[in-house]
Amino acid sequence: MRSLRHLLGFHAAGLALALSAQAADVNGVWRMDEHKNSGATLHNYIVLRQHGEHVEGSVLENSSWEIPALDARLEGDDIVFHTEGDWNFRVRPEGANLRVLITYGGGGSDEALAVPVPASEMAAPARLDPPTLRELPYNGLAKTPPMGWNSWNHFAERVDDRVVRETADAMVSSGMAAAGYVYVNIDDTWEAGRDAQGNIVPNRKFPDMKALADYVHSKGLKLGIYSSPGPVTCGGYEGTYGHEEQDARTYAAWGIDYLKYDWCSAGRIYHNADLRAIYQRMGDALGRSGRDIVFSLCEYGMGDVWTWAPKVSGNLWRTTGDIEDNWKSMSKIGFNQGHLAPFAGPGHWNDPDMLEVGNGGMSADEYRTHFSLWSMLAAPLMAGNDLRSMSAGTRDILANRDVIAIDQDALGREAVRAFEDGGVEVWTRPLADGALAVGIFNRNADEKQAGFPWARIGLAAAPTTVRDLWRHADVAPDASLCTCVVAGHGVVLLRVK
């Protein structure tokens, strides 16, 4: 079954299905096994509870997220329903099993045999008591927002050892490493399971994680990895649940430099009130691992994470659900971050998710807006494209050192919205040298003329220098006004002093 990762946050909801008296008995829990080329086997479940002529149903995807069946109906002996996101299911009795046909709104289909299993098999493991809350020390890392690359947005489960090595090579040869990109991060689907001693082991896609880390380090770069505090990851692979200390030691032994820790199936065991304690458990383990490992919390902004993440040695924390490679998703996320500015600073950063620059879903102007806005927000800059084949235009956006300098400014102050006028938003960010970064963003689809007095952004007099960071040119400042033309969905990014 393909990943339903974009459905994060949906929970099981029973649905009455009208069945005829002659319909096959479908009551129970049914497991669909998905065998990956990596050697991993993922488990997906359909839960059907029959009550006379009615059945309640849901899908447990990758043992992580229970998703309601919607608009179910009976067609002969088949049960037909769909899930949020336009995934269509036809469940057909076949002897003692069920034949499950799945078609996707975006195209493609899957077919799987679902076998009956005891309900206990899909039950979440027993809840481990969270640790007593205490404040962990700052680990001294990420004094500026981390910069690097993450595999998920472009490669998803297709990431492997070769892709990571070639990406490290491309990061150096493209000039991105010289521009400040350091981390090469493996996201989900690298895990196989555990050995007899309970040690986490990678699957066939990653035959030697230590050797891979050594290779990345030889390029002057750092290697990141991914896990979940739950029993399985978002993709249904082995999680860290109950093995926090052991996994932290393993990561350190491999030479891992960065951990993205994704809530996922932990939500089947714990409540939001437990978030801090559960992330504290891993933060504590990383602190005792003997290696400096950046701690990236991925819990989608639940539980007001920005108020407590630094207390669990967190260096960055997701403030939102997953980004998508389109203007609607990117702009909705980016332009709704301003209220979090007080919580950002050296060593501790709001994370509005990874970059989509170069993945093809937006225009060049929209990608420049994406990169400018993330830099103004002091966000981690994690490229999510294929660095091995990116165009010169994509490289010019991602490696724009003038814009990167805004993101990496040592003062660590996040931008705030100064004002909005007719769909044009002006954001400002104070910089360590006394300059002011000014982002003029046009959220309209059409080109707009923007103009405002310097006093409106807090300047008592006209600046002596104005530099346009995308044109790489100094601009002669007007004595009283800032004026410019901004492309539709575009940006003018200035450094004024």
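The values are calculated or read from the model by the stated rules, or taken from the named source; none is laboratory data. For clarity, every value in this text was computed on a predicted model and none was experimentally measured. As a convention, Cβ positions derive from the backbone with ideal geometry for all residues, glycine included, and neighbour counts pool all protein chains shown.
Residues that are of a type in the set (Ser, Thr, Tyr) and touching a helix residue (DSSP H, G or I) at 6+ places or on another chain (Cβ under 7 Å) were ranked within the range 178-201; the one that is farthest from Tyr237 (Cα to Cα) is Tyr181. Filtering Lys210, Lys219 for residues that are closer than 22 Å to Asp386 by Cα, assigned by TED's automatic domain parsing to the domain that holds Asn385 and more than 19 Å from the chain's Cα centre (by Cα) leaves a single hit, Lys219. Listed by position, the strands (runs of 3 or more DSSP E) contained in the range 99-211 that have at least 1 residues being acidic (Asp, Glu) are 109-117, 191-194.
Quick one: in the range 466-480, which of the residues that are touching a residue at least 24 places away in the same chain (Cβ under 8 Å) and exposed (fewer than 13 other Cβ atoms within 10 Å of the Cβ) is nearest to Phe441 (Cα to Cα)? My answer is His472. Checked against (1) outside any loop (DSSP other than H, G, I, E, B); (2) touching a Gly at 6+ places or on another chain (Cβ under 6 Å), Met330 passes all but condition (2). Put simply, of Leu411, Leu459 the only residue that is surrounded by fewer than 21 Cβ atoms within 10 Å (Cβ to Cβ), closer than 27 Å to Gly345 by Cβ and in contact with a Leu (Cβ under 7 Å, 6 or more places away or on another chain) is Leu411.
For the range 454-470, which residues satisfy the criterion of being part of a loop (DSSP other than H, G, I, E, B) and within 14 Å of Gly490 (Cβ to Cβ)? Hits for the range 454-470 are Leu469, Trp470. Checking Ser329, Ser228 one by one, the residue that is within 15 Å of the chain's Cα centre (by Cα), surrounded by fewer than 20 Cβ atoms within 10 Å (Cβ to Cβ) and closer than 30 Å to Leu42 by Cα is Ser329 and no other. Of Val100, Val115, all but one fail to be surrounded by fewer than 16 Cβ atoms within 10 Å (Cβ to Cβ), in contact with a strand residue (DSSP E or B) (Cβ under 6 Å, 6 or more places away or on another chain), over 24 Å from Gln408 (Cα atoms) and in contact (Cβ under 8 Å) with a residue 60 or more places away in the chain; the exception is Val115. Residue-level analysis places Asp169 outside the set of residues that are in contact (Cβ under 8 Å) with a residue 12 or more places away in the chain, outside the structural domain of Trp65 (by TED's automatic domain parsing), out of contact with any strand residue (DSSP E or B) (no Cβ under 7 Å at 6 or more places or on another chain) and crowded, with 20+ Cβ neighbours inside 10 Å. For the range 386-399, a residue qualifies if it is within 19 Å of Val184 (Cα to Cα) and in contact with a helix residue (DSSP H, G or I) (Cβ under 8 Å, 6 or more places away or on another chain), and the qualifying residues are Asp386, Leu387, Arg388, Met390, Thr394, Ile397, Leu398.
Of all the residues in the range 353-376, those that are of a type outside the set (D, E, K, R), part of a loop (DSSP other than H, G, I, E, B) and surrounded by 21 or more Cβ atoms within 10 Å (Cβ to Cβ) number 5. Quick one: in the range 296-320, which of the residues that are touching a residue at least 24 places away in the same chain (Cβ under 8 Å) and either surrounded by fewer than 17 Cβ atoms within 10 Å (Cβ to Cβ) or aliphatic (A, V, I, L, M) (or both) is farthest from Thr132 (Cα to Cα)? This residue is Leu316. Quick check on my filter: what residues within the range 131-153 are touching a Leu at 6+ places or on another chain (Cβ under 9 Å) and not small (Gly, Ala, Ser)? Asn139, Pro145, Pro146, Met147, Trp149, Asn150, Asn153 - these are the residues of the range 131-153 that are touching a Leu at 6+ places or on another chain (Cβ under 9 Å) and not small (Gly, Ala, Ser).
Residues that are closer than 15 Å to Val312 by Cα and either of a type in the set (Asp, Glu) or within 19 Å of the chain's Cα centre (by Cα) (or both) were ranked within the range 264-275; the one that is surrounded by the most Cβ atoms within 10 Å (Cβ to Cβ) is Leu275. In the range 65-76 there is no residue that is part of a strand (DSSP E or B), in the same structural domain as Val115 (by TED's automatic domain parsing), out of contact with any Asp or Glu (no Cβ under 9 Å at 6 or more places or on another chain) and within 15 Å of Leu113 (Cα to Cα). There is at least one residue in the range 430-445 that is under 23 Å from Leu141 (Cβ atoms) and not acidic (Asp, Glu). Screening Ser289 on (1) of a type in the set (Ser, Thr, Tyr); (2) under 19 Å from Thr320 (Cβ atoms); (3) surrounded by fewer than 23 Cβ atoms within 10 Å (Cβ to Cβ) shows it passes everything except condition (2). For Gly321, the conditions (1) part of a loop (DSSP other than H, G, I, E, B); (2) small (Gly, Ala, Ser); (3) touching a strand residue (DSSP E or B) at 6+ places or on another chain (Cβ under 9 Å) are fulfilled apart from (3).
Would you confirm whether or not the range 471-488 contains a residue that is of a type in the set (S, T, N, Q) and either in a strand (DSSP E or B) or within 21 Å of Ala341 (Cβ to Cβ) (or both)? Yes: the range 471-488 contains one or more residues that are of a type in the set (S, T, N, Q) and either in a strand (DSSP E or B) or within 21 Å of Ala341 (Cβ to Cβ) (or both).
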